[in-house]
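What follows is one structure encoded as structure tokens, with my remarks underneath.
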Amino acid sequence: MERNGAVLIDIDGVLTVSWEPLPGAVEAMRRLRAADVPLALVTNTTSRTRARIAERLADHGFPVGPDDILTAPAVTAAHLREHHPEARCLLINTGDVRGDLPGVTLVEEEDTEGAVPDVVVLGGAGGAFTYAALNRAFRLVQQGAALVAMHRNLYWRTADGLDLDTGAFLLGLERAARTEAVITGKPSGAFFAAALTHLGATPGGTLMVGDDIDTDVLAAQRHGITGALVRTGKYRPETLAAAAGTPDHVLDSFADVPGLVERLGR
């Protein structure tokens, strides 16, 4: 990794859990800023817009703004504008991310007499992932609608423990509809490419810090980015042991990242 190389940082499970800062995370972020390290927060979070994420983090003392954040919904919008221009999209998502979907035409789920969706877009799991919503998505895909998912994370960590996420439902939908969704967030190459372009960084000069061995770390390493796994968030020893690869670095928490960046830059 080049000196003062860029750092890509997952949010949930790395900086926060249920939006509460993890020990040492705020101070570590401030150390990176003081060292003029280029950084971007890269997240599959689908419950809030970039502006709301930045506001919440700033309220806790993190020195970040909306321009520092790249979300799966924002990359999804770019994908839809490029590959499905003017398409009618049915969004199934828990949380309001419409502000990060400029140029995308959304069809309301309850609109049964209006325009038929051309694309089914799955965001984050939660209360919106009802049987009726998923069954409608299944039928639309059977009828020819494209299937796009912001991510395929199986679960994420909350203050109450691990909760099921989109991937747990997406696997069944893909199997039933005999199709495969286009994934726009991590671990897609397009997502990491967008993050590198945003920072003007090269893969070899960039570090990715995450709590998901597959989606964050190994995915980044496949694209030439140095990967660091933190033992917070959704990290579990058995998941690491069963992974298809080995992280470049394993850290106790994000608090260890400034020291790692300094060692890699020497």
Next item on the list: With +1 on each Lys and Arg Cβ and -1 on each Asp and Glu Cβ, and nothing else charged, work out how big the dipole of the chain is about its Cα centre, in Debye to the nearest 20.
Entry: 440
Notebook entry, point to check: Given Gln142, Val116, Thr206, which one lies farthest toward the positive end of the charge dipole of the chain, if we put +1 on the Cβ of every Lys and Arg and -1 on the Cβ of every Asp and Glu?
Noted result: Thr206
Notebook entry, point to check: Which entry in (1) 25, 24, 19; (2) 29, 20, 19; (3) 32, 19, 17 is this structure's computed semi-axes √(5λ) of the Cα gyration tensor in Å?
Noted result: (3)
Notebook entry, point to check: If you place +1 on the Cβ of every Lys and Arg and -1 on the Cβ of every Asp and Glu, how big does the dipole about the Cα centre of region 1-141 come out, in debye to the nearest 20?
Noted result: 300
Item checked: Check: region 78-206 dipole with +1 on Lys, Arg Cβ and -1 on Asp, Glu Cβ, in debye -> 440
Notebook entry, point to check: DSSP H helices in the chain with Cα extent of 15 Å or more along the helix axis and mean Kyte-Doolittle hydropathy at least -0.5?
Noted result: 72-83, 131-142, 166-177, 189-199
Margin query: Can you give me the convex hull volume of the Cα atoms of region 24-63, divided per residue and expressed in Å³?
Written below: 74
Check: What is the gain in length, in nm to one decimal, between Ala35 and Leu162 on full extension, counting 0.36 nm per residue of separation less the C-alpha to C-alpha distance?
Finding: 42.3 nm
Checklist line | trypsin sites (Lys or Arg not before Pro) within region 196-234: DSSP coil, no more than 14 neighbouring Cβ in 10 Å | finding: Arg231
Next item on the list: Name the residue farthest towards the positive end of the dipole of the chain from the options Ala255, Gly224, Gly185, assuming +1 on Cβ of Lys and Arg, -1 on Cβ of Asp and Glu, about the Cα centre.
Entry: Gly224
Margin query: What does DSSP give for the chain in terms of the percent of beta bridges that are antiparallel, rounded to the nearest 5?
Written below: 15
Margin query: So if a site counts as exposed when it's one of the GluC sites (Glu not before Pro), its DSSP state isn't H, G, I, E or B, and it has at most 16 other Cβ atoms within 10 Å, what's the longest stretch of the chain without one?
Written below: 181-266
Notebook entry, point to check: Hey, in the GNM for the chain with a 10 angstrom Cα cutoff, which one of Leu196, Leu147, Leu106 fluctuates hardest?
Noted result: Leu106
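Quick note: the coordinates plus some simple rules give every number you see, no bench work behind them. It should be emphasised that the depicted structure is a prediction, and the values quoted were computed from it without experimental measurement. Every residue, glycine among them, receives a Cβ derived from its backbone with ideal geometry; neighbour counts consider all protein chains shown.
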